[in-house]
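Heads up: the structure comes next, in structure tokens.
The values are calculated or read from the model by the stated rules, or taken from the named source; none is laboratory data. No experiment lies behind these values; they were computed from the predicted model shown. Cβ sites come from the backbone with ideal geometry, for glycine too, and all protein chains shown count toward neighbours.
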Amino acid sequence: MSSDRTERMRQLRVAVVGAGAAGLCAARHILSRPDTFAPPVVYELTEHVGGTWFYEERTGSYDNGLPIHSSMYRDLRTNLPKEVMMFPDFPFDPQLPSFLPHQEVQKYLERYCQSHCITPHIRFSTVVDEVSPVVTEGKGPMTTWEVTSRDKSGSRNTETFDSVFICSGHYSDPHIPSIPGLERFKGKVIHSHSYRHPEPFSGQSVVVLGAGASGLDISLELGRSNAQVTLSHGKPTLPFPLPYGVHQATPVEEIQEDGSLRFLDGSITQAQVLLLCTGYNFSYPFLEPARLGLEVQEHLVTPLYRFLMPPAFPSLFIIGICKIICPFPHFHCQVQFALAVLEGSVALPSRSEMEEEAQGEMARKVERGVQLRHMLKMDKEQWGYAQTLAQTGRFPPLPPVTQSLYEEVWRQRQVHPQNYRQLNYRLVSDTQWEQQELHVGE
């Protein structure tokens, strides 16, 4: 048998970093292709699957000194219905309401893991210290990957893989904005990463910085618990009434000498708590970006071909780096496209062409006035992106009903930010959904 044929028949070894939703999705699809891929090795920092969906009451650090990964707060409910959230090939329990407490999503991921027999392939309590490419010259340059990890006992281990999927998420390294005089603030400063429940803030004055999904959600939660909340943000004034005890303000411009906060419109307030709902930084401490031809900034990783892979090393895949997406269906498409690349059924352009495409995408966004920190926000562009991946990777596209219901819920959220989760939906077909009776448990 020729060596070429032997090489083609050899199973590819893939490492997966992280056993959250993206990592489990990668493992599930790798395991479904035993002719091409050996069972994956999934490295998981914690003792459980679920990633950010696993609720940790404690904040700060684990016993091993590493920072707590999850940003989940106790009373979080999904802001997308389960009919849209689900992996397209693995529905949630139909008896559940559409908008779920985080515990149900965690149970769903555990069931997904169990159903696809992923657990035996996960190395729990294992830290990935380094992922580095090894390029060997043969008939053409060939890249393999050395993954160095450390288990609970501190024992280090290096293994070689054909490909690495980075599925470590981007909700664990809090972004602390640069606010002049922040060190002068006399109260408590915390990031939403360390927020768990509202009771400790009852009766206190809290300035919440940022009106994204978590900023708005946490402000409403604090207001219901009798905190006096100032929601400070740079968006247009929110077009709906906020509950008693919650009011809006312009962005914080500086903390003054006496510890008071001065806002952009010149108004001044004192507060006992400054709660930063200001997002997260991209952090890949196990990668050497420059060596991979990448630049990792707080809110941007570039260049990435198809928002997935460095053109210089297209056997490394960063899954789920985009924001304002429907996460599980998004991972489902990205993973299948990546596996099609590894299988050879997707012919990639040259490195320079991939770099040109990635840079062109960024340049078009700059022309449209998109700020650097919003470059990876997809929103309405996610559907065309998923469609392109499916067409190129030759796998079934997302059903149109996913986009249709996602857009309906987005509309409801703008009009009824406090009540939209009372609605229930049901998928009738790949193109149709229907609204069901109000859910009484709100």
Let me confirm something: among Glu355, Glu407, which residue is of a type in the set (D, E, K, R) and under 28 Å from Pro239 (Cβ atoms)?
Glu407
Please state which of the following conditions Gln371 fails to meet, knowing it meets all the rest: (1) of a type in the set (S, T, N, Q); (2) free of Cβ contacts under 8 Å to residues at least 12 places away in the same chain; (3) surrounded by 19 or more Cβ atoms within 10 Å (Cβ to Cβ).
(3)
State which residue pairs qualify: first residue touching a residue at least 40 places away in the same chain (Cβ under 8 Å) and part of a strand (DSSP E or B) and inside the range 94-123, second residue buried (at least 17 other Cβ atoms within 10 Å of the Cβ) and not aromatic (Phe, Trp, Tyr) in any location, beta carbons under 6 Å apart, and separation of 6 or more residues or different chains.
Ile122/Ala19; Ile122/Val42; Ile122/Glu44
Positions within the range 124-162 being in a strand (DSSP E or B) and touching a helix residue (DSSP H, G or I) at 6+ places or on another chain (Cβ under 8 Å), in sequence order
Ser132, Pro133
Odd one out for Thr392 among (1) within 30 Å of Thr302 (Cβ to Cβ); (2) of a type in the set (Val, Ile, Thr); (3) loosely packed, with under 14 Cβ neighbours inside 10 Å
(3)
So, of the residues in the range 391-424 that are in contact with a helix residue (DSSP H, G or I) (Cβ under 6 Å, 6 or more places away or on another chain), part of a helix (DSSP H, G or I) and modelled with pLDDT of 95 or more, which turns out to be farthest from Gly320 (Cα to Cα)?
Leu405
Only residues that are assigned to a strand (DSSP E or B) and touching an Asp or Glu at 6+ places or on another chain (Cβ under 9 Å): list them for the range 25-51, please.
Phe37, Val41
